[in-house]
Amino acid sequence: MDDLLLAFFNLDILRQAWPILLNGLIQTILLSLLVVPLGVLMGITLALLSTVRNRWARYPLIAFTDFFRAIPPLVLLIFLYAGLPFAGWEIGAWGAVAIGFMLNTGAYYGEILRAGIESIPAGQLEAARSTGLTRLQTLRHIVLPQAIRNTLPDLTSNTLEVVKLTSIASVVALPELLFQARQAQSVTFNATPIMAAAIAYFILLWPMVRLLSRLENRQLAGRR
Amino acid sequence: MTGWERFCESFFNAEVMARYLPEIIKGFWVTVELAILIVIAGLASGLALAVIRSLGIRPLNWLIIFTVDLFRALPPLVIIVLLYFGLPAAGLNLSGFEATWLSLTLVLMSFSEEIFWAGITAVPKGQWEAARSTGLTFLATLRLVVLPQALRMTIPPITNRTIAITKGTALGSVVAVSEILGAAQSGLSHAFNPSPLTLGALAYIVLFFPVVLFGRWVETRFAWKR
């Protein structure tokens, strides 16, 4: 038992690793604050484009979305980080993460918002247009606010996934929480830093999981 | 050499691709095997937990809720790294394949338990009571009345979640599983050319594009009736 405590909850090692773990946590939060808005913006763009009733716009858009939903995000990230430099494009870890996340999470946000937009009855659009609002005004003032509100549980759930996904940035040596924990682990030969990182993720994200659990139960119960 | 030639030379180098194709195909089957094992174990254990939760044993339910919350809050890669690099300290050596399988199974178990449970609670209480009063046992009620309705309701969210989690098999490359991404990355570093990576991306498209389309179809086929 003492061995286990020393291997996973070693206070001496925690004291040493604490500063870099804290630094990693801050980077994880900053990274989330960068990639979540990027993904949402991309998603809104894709969802708005999908309202264009033109098959030449529609099918390429679906193909684009499904392509980035089919490729695992880590594969996309490695491709951008380790592949593109061969073509002469050095975009660095932050650049690769920003672009990769924008494409991957944007596709998911886009799908959610598209479903939200399609759930707004056509009558509302016609009514809005007949009062003299332009197409864009109708989208902005009538359709999008309702679409976002109706899909709030799904948007929250996706945002949780995006924040969790920032951990893959450790693979391209971006010094976020998991990367720092692994560094500390490989120097100390002790699992305490990774354990500490796991606990930090849990404390950070548990409230969101609880909230989601409630939203989802209500959603499913209401849909019968 | 123009930029375009250099681009093709890098990403679509036929000679390099031919050399690493067998490795990628091997990786493809590792990914398929891993994904199938995750889906079977994850969904089965998720359903089992949801059924146990419906028995209504308080302390047991708290334990289930905590476990489910834990694996929904932790990033899958953190779980994989913890199992692979951490467990040896506890005297348990998992291979990369086992660590990835166990981690993603636990994640899928947790997400699917939540969805199955929501499906079970969405069946009105009156149906439970009616079924029990006709003389059906608790388990018979669950099996014949509640689950058929609950499962149908949960098909679209379960499908989407399962697809998302099986794509996480690529995370195995971090703990030295030679699935598609792992094979592609070792090809990249041996050949010093990213064509194996292009090949790997293609392999994922071949594998998951039909799955994503299937998910789309399921969503419309089993759409909620309002």
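The values are calculated or read from the model by the stated rules, or taken from the named source; none is laboratory data. This one's a predicted model, so the numbers in the text were calculated from it and none came from an experiment. Cβ: placed from backbone, ideal geometry, glycine included. Neighbour counts: every protein chain shown.
Checking the structure you have, find out if any residue of segment A:8-17 is part of a helix (DSSP H, G or I), of a type outside the set (Ser, Thr, Tyr), modelled with pLDDT under 90 and within 28 Å of the chain's Cα centre (by Cα). Checked segment A:8-17: at least one residue is part of a helix (DSSP H, G or I), of a type outside the set (Ser, Thr, Tyr), modelled with pLDDT under 90 and within 28 Å of the chain's Cα centre (by Cα).
Only one of these is touching an Asp or Glu at 6+ places or on another chain (Cβ under 6 Å), over 24 Å from B:Gly172 (Cβ atoms) and either polar (S, T, N, Q) or modelled with pLDDT of 95 or more (or both): B:Leu60, B:Leu49. Name it. Before you say what the answer is, go through the steps one by one.
Values: B:Leu60 fails: touching an Asp or Glu at 6+ places or on another chain (Cβ under 6 Å).
When all the criteria are applied, what remains is B:Leu49.
A single member of B:Pro75, B:Pro124, B:Pro88 is within 27 Å of A:Thr28 (Cβ to Cβ), without any contact (Cβ under 8 Å) to a residue 60 or more places away in the chain, surrounded by fewer than 19 Cβ atoms within 10 Å (Cβ to Cβ) and of a type outside the set (Ser, Thr, Tyr), and it is B:Pro88.
Every residue in segment A:60-91 that is away from every other protein chain (no Cβ under 13 Å) and either of a type outside the set (D, E, K, R) or surrounded by 20 or more Cβ atoms within 10 Å (Cβ to Cβ) (or both), please. Full working, then the answer.
First pass over segment A:60-91, keeping only residues away from every other protein chain (no Cβ under 13 Å): A:60-61, A:90-91.
Listed by number, the residues that qualify are A:Pro60, A:Leu61, A:Ile91.
What are the residue pairs meeting all of these: first residue in segment A:87-103, first residue closer than 17 Å to B:Phe11 by Cα, second residue loosely packed, with under 14 Cβ neighbours inside 10 Å and of a type in the set (D, E, K, R), Cβ atoms under 9 Å, and 6 or more apart or on different chains? Close Cβ pairs satisfying both conditions: A:Ala87/B:Arg6; A:Gly88/B:Arg6. Does A:Val97 count as facing chain B (nearest Cβ under 9 Å), of a type in the set (Val, Ile, Thr) and buried (at least 22 other Cβ atoms within 10 Å of the Cβ)? Criteria not met by A:Val97. For beta carbons closer than 7 Å, sequence separation of 6+ or different chains, a first residue in segment A:111-138 that is at negative phi and a second that is outside any helix (DSSP H, G or I) and at pLDDT below 90, the qualifying pairs are A:Arg114/A:Ser50; A:Ile117/A:Thr51. A:Val143 meets all of the listed conditions (1) crowded, with 20+ Cβ neighbours inside 10 Å; (2) within 14 Å of chain B (Cβ to nearest Cβ); (3) within 21 Å of A:Gly43 (Cβ to Cβ) but one, namely (2). Can you find even one residue in segment B:204-223 that is outside any helix (DSSP H, G or I) and either without any contact (Cβ under 8 Å) to a residue 60 or more places away in the chain or more than 28 Å from B:Pro75 (Cα to Cα) (or both)? Yes, that holds for at least one residue. The single residue among A:Val143, A:Val97, A:Val171, A:Val163 that is among the β-branched types (Val, Ile, Thr), assigned to a helix (DSSP H, G or I) and more than 20 Å from the chain's Cα centre (by Cα) turns out to be A:Val143.
Among the residues of segment A:30-63, those identified as farther than 18 Å from A:Leu144 by Cα and without any contact (Cβ under 8 Å) to a residue 24 or more places away in the chain are A:Leu30, A:Leu33, A:Asn54, A:Arg55, A:Trp56, A:Ala57, A:Arg58, A:Tyr59, A:Pro60, A:Leu61, A:Ile62, A:Ala63.
Out of everything in segment B:185-203 that is part of a helix (DSSP H, G or I) and within 8 Å of another protein chain (Cβ to nearest Cβ), what residue ends up being farthest from the chain's Cα centre (by Cα)?
Ranking the candidates gives B:Leu188 first.
Taking B:Leu55, is it modelled with pLDDT under 95 and within 27 Å of B:Gly27 (Cα to Cα)? Against the criterion (modelled with pLDDT under 95 and within 27 Å of B:Gly27 (Cα to Cα)), B:Leu55 does not qualify. Candidates are the residues of segment A:117-129 that are within 14 Å of another protein chain (Cβ to nearest Cβ) and either buried (at least 21 other Cβ atoms within 10 Å of the Cβ) or in contact with a helix residue (DSSP H, G or I) (Cβ under 8 Å, 6 or more places away or on another chain) (or both); the one that is nearest to B:Pro196 (Cα to Cα) is A:Ser119. So for segment B:129-145 (the condition being closer than 22 Å to B:Arg221 by Cβ and assigned to a helix (DSSP H, G or I)), does at least one residue qualify? There is no residue in segment B:129-145 that is closer than 22 Å to B:Arg221 by Cβ and assigned to a helix (DSSP H, G or I).
Only residues that are free of Cβ contacts under 8 Å to residues at least 24 places away in the same chain and in a helix (DSSP H, G or I): list them for segment B:46-68, please. Selection gives B:Ala48, B:Ile52, B:Arg58, B:Pro59, B:Leu60, B:Asn61, B:Trp62, B:Leu63, B:Ile65, B:Phe66. If I filter segment B:69-82 for residues that are outside any helix (DSSP H, G or I), of a type in the set (A, V, I, L, M, F, W, C) and more than 13 Å from every other protein chain (Cβ to nearest Cβ), do I get at least one hit? Among the residues of segment B:69-82, not one is outside any helix (DSSP H, G or I), of a type in the set (A, V, I, L, M, F, W, C) and more than 13 Å from every other protein chain (Cβ to nearest Cβ), which makes the answer no.
Just one residue in the set B:Val107, B:Val81 is aliphatic (A, V, I, L, M), touching a residue at least 24 places away in the same chain (Cβ under 8 Å) and in contact with a Pro (Cβ under 6 Å, 6 or more places away or on another chain); that residue is B:Val107.
Taking the conditions (1) hydroxyl-bearing (Ser, Thr, Tyr); (2) in contact with a Leu (Cβ under 6 Å, 6 or more places away or on another chain); (3) at pLDDT below 90 in turn, B:Thr220 satisfies each one other than (2).
Screening B:Gln127 on (1) within 14 Å of chain A (Cβ to nearest Cβ); (2) within 20 Å of the chain's Cα centre (by Cα) shows it passes everything except condition (2).
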